[in-house]
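Nothing in this text is a laboratory measurement; each read-out follows from the coordinates by a stated rule. Please read these numbers as outputs of a predicted model, since none were measured by experiment. For neighbour counting, all protein chains shown are included, and Cβ atoms are generated from backbone atoms with ideal geometry for every residue, glycine included.
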Amino acid sequence: MARYKLTLKYDGSNYMGFQIQNALPTIELELNKAFMNLLHEEIKIYPSGRTDRGVHAVGQVIHVDIKQNIPEYGLKKGLNAFLPADIYIQDAQIVADSFHARFSALWKEYRYYINEKDYNPLTCKYCPYIPNLDVEFMRNVATLFLGTHDFKAFASASIDPRKSTIKTIYQIHILEKDGYLEFRFLGNGFLKYQIRRMMGILVEAGKHRYTKDQVFKIFQSLDPKESKYILDGCGLYLYHVEYDSKLE
């Protein structure tokens, strides 16, 4: 038995998210089918996190335990042969048995992209068009999210009440590049819809529909109904998951 860490990228446009949902198209369902075709046995998949409907990944990580003796490169090549063109295993490596794709993660980075220049039908599935934003004010409001907070007001209303809603965000960067905005969020973990809800509020602030004080009051409310603006998942990317090199 060997434990493999797999790093993959995918275009989430055609999927209902990562987590398997019966016969609905999901990333996990496609991975399950690829493992079955390659190894002829069911393999349990442990992801670093579950991306939502339409969300993309540049550096999603999963781990699996495999009884068969298969080289790292052989696993990568074999799985890619059975995966659709919009899902790709970019790396496979054997890791320590103590490694866990979710619980061993030190931090995660998500990025959100906005086109603020001109509407482009070729990129609308990957970065929504939202013009005329006050970027400097958005940077100012984003400082409220830094540090350790209870992010319940920015979580999905259906989140398990037993789950802690306290998270730490280490860094937020908002970059301007040739008419596009790139938002980088680095944290120890993120709740379902958290980044999309934060982005919704940041965009509303960028349109001067929220003051910084009003955003702070949303934090204090601990009520998801107060962060009612949720940006589309198409602009969101799971970019990187960082681990302790001793476990790899």
Among Pro84, Ser221, Gln60, pick out the residue whose Cα is farthest towards the positive end of the charge dipole of the chain, where Lys and Arg carry +1 and Asp and Glu carry -1 on C-beta, about the Cα centre. Ser221
Sorting check: for 223-233, 132-142, which peptide has the highest mean count of neighbouring beta carbons within 10 Å, and how do the rest follow? 223-233, 132-142
If you take the charge dipole of the chain about its Cα centre, with +1 on Lys and Arg Cβ and -1 on Asp and Glu Cβ, which of Asn120, Leu6, Thr51 is farthest toward its positive end? Thr51
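First check a/c for the stretch 113-248, with a ≥ b ≥ c the square roots of the eigenvalues of its C-alpha gyration tensor; if it is under 1.5, answer rounded, and if not, answer prolate when a/b is larger than b/c or oblate otherwise.
oblate
Beyond 22 Å between alpha-carbons counts as too far, so tell me which of Lys9/Lys108; Lys152/Lys212; Lys77/Lys192; Lys5/Lys108; Lys33/Lys192 fall in that bin.
The pairs that break the limit, which is 22 Å between Cα atoms, are Lys77/Lys192; Lys33/Lys192.
About its Cα centre, what dipole magnitude does the stretch 137-228 give when the only charges are +1 on Lys and Arg Cβ and -1 on Asp and Glu Cβ, stated in debye to the nearest 20?
Working: 16 positive and 9 negative charges, 44 e Å.
Once rounded to the nearest 20, the dipole reads 200 debye.
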Does anything in the stretch 14-38 have its amide N under 15 Å from the 7 Å Cα→Cβ label point of Lys67, and if so which residues? 36
Loop only per DSSP, at most 11 neighbouring Cβ atoms within 10 Å: give me the chymotrypsin sites (Phe, Trp or Tyr not before Pro) in the stretch 147-221, ordered by residue number. none
Evaluate E = 1/(1 + (r/R0)^6) for Asp86 and Asp134, where r is the Cβ-Cβ distance and R0 equals 35 Å; express this FRET efficiency to the nearest 0.05. 0.50
Can you compute the modelled spin-label distance between Gln93 and Lys77, with each label point 7 Å from Cα toward Cβ, in nm? 2.0 nm
Gyration tensor on Cα atoms of the chain, a ≥ b ≥ c root eigenvalues, a/c under 1.5 rounded, else prolate if a/b beats b/c, else oblate, says prolate
Taking the Cα centre as origin and putting +1 on Lys and Arg beta-carbons and -1 on Asp and Glu beta-carbons, what dipole magnitude results for the chain, to the nearest 20 debye? 460 debye
